[in-house]
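Trainee: Just dropping this structure here.
The values are calculated or read from the model by the stated rules, or taken from the named source; none is laboratory data. Bear in mind that the values here come from a model prediction, so they are computed numbers and not experimental data. With ideal geometry, Cβ positions are generated from the backbone for all residues, glycine too; neighbour counts draw on all protein chains shown.
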Amino acid sequence: MQIAIFTTGGTIDKVYFDAKGNYHVGSPMVRELLVHARLPEMPTITELLRKDSLEMTEEDRQIVRAAVQACPAARILITHGTDTMVATARSLGGIDAKTIVLTGALQPGRFSDSDAAFNLGLAFGAVQLCSAGVYVVANGTVFPADRVRKNLELNCFEPL
């Protein structure tokens, strides 16, 4: 089963770099996390963007959509910042015959208490098992993209 992974940045890839608590989006963590998962075969990983999701524009979403449409794989996993992940997921609606799963993390993947490895693992399973469509994976749940939102007060995802 061919799975392609696209990275766009977000907290999952953030690097803590000074005493003031500032971060920048670093290189993608997905390969390192999947190495620890001991996959029998590493999927193709393509870095599309290196942005905090709050800085993503509609043009950025079109870059993601074009990459997904052009990709020969029928199963696509996208790492993304959680703040606008739902907006990007919804912008991918209408792409036929592909299973597209977006996931991210609330803590940088480089942190020991990060949810990145868990979210990525669930997303990797979901992209293999879900039918064609667009999904968001977070908080131990696979959400259809059109039926999820991020609750900013509780800092988690929930069904609509």
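Trainee: Going by the structure shown, is G104 within 21 Å of P43 (Cα to Cα) and in contact with a His (Cβ under 7 Å, 6 or more places away or on another chain)?
Mentor: Numbers: within 21 Å of P43 (Cα to Cα): yes; in contact with a His (Cβ under 7 Å, 6 or more places away or on another chain): yes.
Taking the combined requirement at face value, the residue satisfies it.
Trainee: What are the residue pairs meeting all of these: first residue in segment 141-160, first residue among the aromatic types (F, W, Y), second residue in a strand (DSSP E or B) and exposed (fewer than 10 other Cβ atoms within 10 Å of the Cβ), Cβ atoms under 9 Å, and 6 or more apart or on different chains?
Mentor: F143/P159
Trainee: On the basis of being in contact with a strand residue (DSSP E or B) (Cβ under 9 Å, 6 or more places away or on another chain), of a type in the set (A, V, I, L, M, F, W, C) and closer than 18 Å to I45 by Cα, does A132 make the cut?
Mentor: Against the criterion (in contact with a strand residue (DSSP E or B) (Cβ under 9 Å, 6 or more places away or on another chain), of a type in the set (A, V, I, L, M, F, W, C) and closer than 18 Å to I45 by Cα), A132 does not qualify.
Trainee: (1) in contact with a strand residue (DSSP E or B) (Cβ under 8 Å, 6 or more places away or on another chain); (2) closer than 25 Å to R38 by Cα; (3) of a type outside the set (A, V, I, L, M): which one isn't true of G125, the others all being true?
Mentor: Condition (1) is where G125 drops out.
Trainee: While we're on this one: Does F143 qualify as being part of a strand (DSSP E or B) and at pLDDT 95 or above?
Mentor: yes
Trainee: Can you pull out the residues in segment 107-144 that are within 16 Å of I5 (Cβ to Cβ) and over 13 Å from the mean Cα position of the chain (by Cα)?
Mentor: Selection gives G125, Q128, C130.
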